[in-house]
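Right, one structure below, let's go through it.
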Amino acid sequence: MKVIKTKLEGCLIFEPDVFCDSRGYFFESFNQDKFNKLTNLDVKFVQDNESFSTKGVLRGLHYQIGEFAQAKLVRVISGRILDVVVDLRENSSTCGKYLATELSSENKRQMFIPRGFAHGFIVLSDTAIFSYKCDNYYNKPAERGILFNDKKLNINWQLPHKDLIISEKDLALPKLENAEF
């Protein structure tokens, strides 16, 4: 497995070793011991989540605060997405910066997102199945978010605004300058 450091400290991309033959392919999608050795972290994932979405669905930018903050390991099982993370760690040199990475069933990449980041994605293919591990349980009172089109972030979501499908809840999220971290 190859580990790629990103411009946001602690945010990592994993490229698995994929074994293909006439029957299809095989790869190890997660191994706790290998993950810990490759990252020098002791993250214990406690919850797996999966979503199905159609082209243009934008989910995010979400995070949890305080003792309920979550680290995530995200991947795409089917389809193609643009995965976006925003560094919200106030003591970080990249606080307020974002990273956008394409994840797909073809490239089989995974992204590790440390605690202290907002996360969102947009579906670029006709449909997508998105899966992620969390190191902390979901806690509704700790849930927060940032408006996807905050001009300060200036995220290129790769699809025209008129084609986006966004929940009312996500449309009501605050801008970065008004967000609680």
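Here are some notes:
- Among the residues listed as Lys133, Lys162, the single one being on the phi < 0 side of the Ramachandran plot, surrounded by fewer than 20 Cβ atoms within 10 Å (Cβ to Cβ) and not in a loop (DSSP other than H, G, I, E, B): Lys162
- Entirely in region 1-60, the strands (runs of 3 or more DSSP E) that have 3 or more residues that are surrounded by 14 or more Cβ atoms within 10 Å (Cβ to Cβ): 12-15
- Within region 115-125, being surrounded by fewer than 24 Cβ atoms within 10 Å (Cβ to Cβ) and under 11 Å from Val74 (Cα atoms) holds for one residue alone: His119.
- Of all residues in region 97-123, those satisfying the criterion of being touching a Leu at 6+ places or on another chain (Cβ under 6 Å) and assigned to a loop (DSSP other than H, G, I, E, B) are Arg109, Gly116.
- Filtered residues of region 117-174 (kept if among the aromatic types (Phe, Trp, Tyr) and more than 15 Å from Val57 (Cα to Cα)): Phe117, Tyr132, Tyr137, Tyr138
- Residue within region 50-58 that is over 15 Å from the mean Cα position of the chain (by Cα) and modelled with pLDDT under 95 present: no
- Verdict on Glu67 being farther than 16 Å from Asn49 by Cβ, within 12 Å of the chain's Cα centre (by Cα) and at pLDDT 95 or above: no
The values are calculated or read from the model by the stated rules, or taken from the named source; none is laboratory data. Everything quoted here is computed from the prediction, not taken from an experiment. Positions of Cβ are backbone-derived with ideal geometry, glycine not excepted, and every protein chain shown enters the neighbour counts.
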